[in-house]
Amino acid sequence: MQTEQQPKIASLVFLQTVSAAVTQLKQKLQQDYERVYPGLGEIIHLILDEEEAKAWELSLFPHLFLPDLVEARVINLNLNPIETKHDDAFAPHGFNRIETGQPAFALCG
């Protein structure tokens, strides 16, 4: 019985993790766009919500699509896109760096 529940629990944890990442990304995008367009906070919030729904329809990884969808929507409103670089939002700097002095092929065998 426990092994039957493990995939369900893993799926739930995955969806919670992705949902938290999307929420964090939306907050950062909201701040970025409000900094450039301070009077459009409500409109930006609506754009983020609508584009999040579209991103979830596209993939189980909506945080990968959300910034581009929002940018496209902003451009459609005849506003200038803004620079939104949040490299640290997904993985800390150096996350995938291998900490050895060996070449990468030496690690494979």
field: segment 1-58 - accessible surface per residue (Å², probe 1.4 Å)
entry: 71
query: If you stretched the chain out fully between Val13 and Tyr37, how much longer would it get, using 0.36 nm times the residue separation minus the C-alpha to C-alpha distance?
result: 5.1 nm
Chain lengthening between Ala72 and Gln5 when straightened (0.36 nm per residue, less Cα-Cα): 20.1 nm
task: Run the quick spin-label model on Ala20 and Glu57: label points 7 Å from Cα toward the beta carbon, then report their separation in nm to one decimal.
output: 2.9
statement: Counting only protein heavy atoms with a 1.4 Å probe and every protein chain in place, the carbon and sulfur fraction of the accessible surface of segment 1-71 in whole percent equals 60
message: What are the ³J(HN,Hα) couplings of segment 71-76, residue after residue, when phi is run through the Karplus curve with 6.51, -1.76, 1.60 and θ = phi - 60°? Round to Hz, x for glycine and proline.
response: 4, 4, 5, 5, 5, 4
query: How big is segment 1-40 by Rg and Dmax over its Cα atoms, in Å?
result: 17.1, 55
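The values are calculated or read from the model by the stated rules, or taken from the named source; none is laboratory data. Given the structure is predicted, the values throughout are model-derived calculations rather than measurements. With ideal geometry, Cβ positions are generated from the backbone for all residues, glycine too; neighbour counts draw on all protein chains shown. The protein model used for the area step is the full one, side chains on, heavy atoms only, and it has no ligands, DNA or RNA in it. Shrake-Rupley method; radii C 1.70, N 1.55, O 1.52, S 1.80 Å.
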